[in-house]
Amino acid sequence: MSQNNNNTAFDLFDPTGMLKTMRNENMDAFAKAMVQLVNTDAYADATGKMLDTWLASSGPYRKMLDASIKQALAGMSLPSREEVTRLAERLTNIEFRLDDLDAKLDEIAVLLRTASARNS
């Protein structure tokens with residue numbers, strides 16, 4: 001059997017070599033054509049319009065799906081996304097208040113130390 005480093009050379013002992021070569025050349029040509037197509041402004045505009053249309057048409061479906069999920073979660077006594085978000089916001093506010101209280105207590109502790117140092 002002959003082994004050639006050149007992939008385009010015809011090999012008499014490889015019956016599928018010609019088909020592989022044709023496939024590779026066709027794939028290369030297709031890839032180059034797609035790159036040229038995708039890099040055009042017309043393609044970007046068409047893709048943008050298609051996405052806008054899809055987003056607009058999927059809005060009612062999304063609302064229906066959200067309502068169905070919310071109803072299913074309520075039926076299983078599980079919190080909805082809004083309830084979890086509200087709880088997270090409340091916990092964040094509590095954390096901020098605790099941080100503020102901690103800072104105020106640190107200030108009071110410093111003031112007490114300085115006052116006791118003066119009295120000693």
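A few points about this structure:
- Flag for Arg62 being surrounded by 10 or more Cβ atoms within 10 Å (Cβ to Cβ), at pLDDT below 95, part of a helix (DSSP H, G or I) and under 26 Å from the mean Cα position of the chain (by Cα): yes
- Residues (of a type outside the set (Val, Ile, Thr), exposed (fewer than 10 other Cβ atoms within 10 Å of the Cβ) and at pLDDT 90 or above) located in region 1-53: Asn39, Asp41, Ala42
The values are calculated or read from the model by the stated rules, or taken from the named source; none is laboratory data. No experiment lies behind these values; they were computed from the predicted model shown. Glycine gets a Cβ as well: all are built from the backbone with ideal geometry, and neighbour counts include every protein chain shown.
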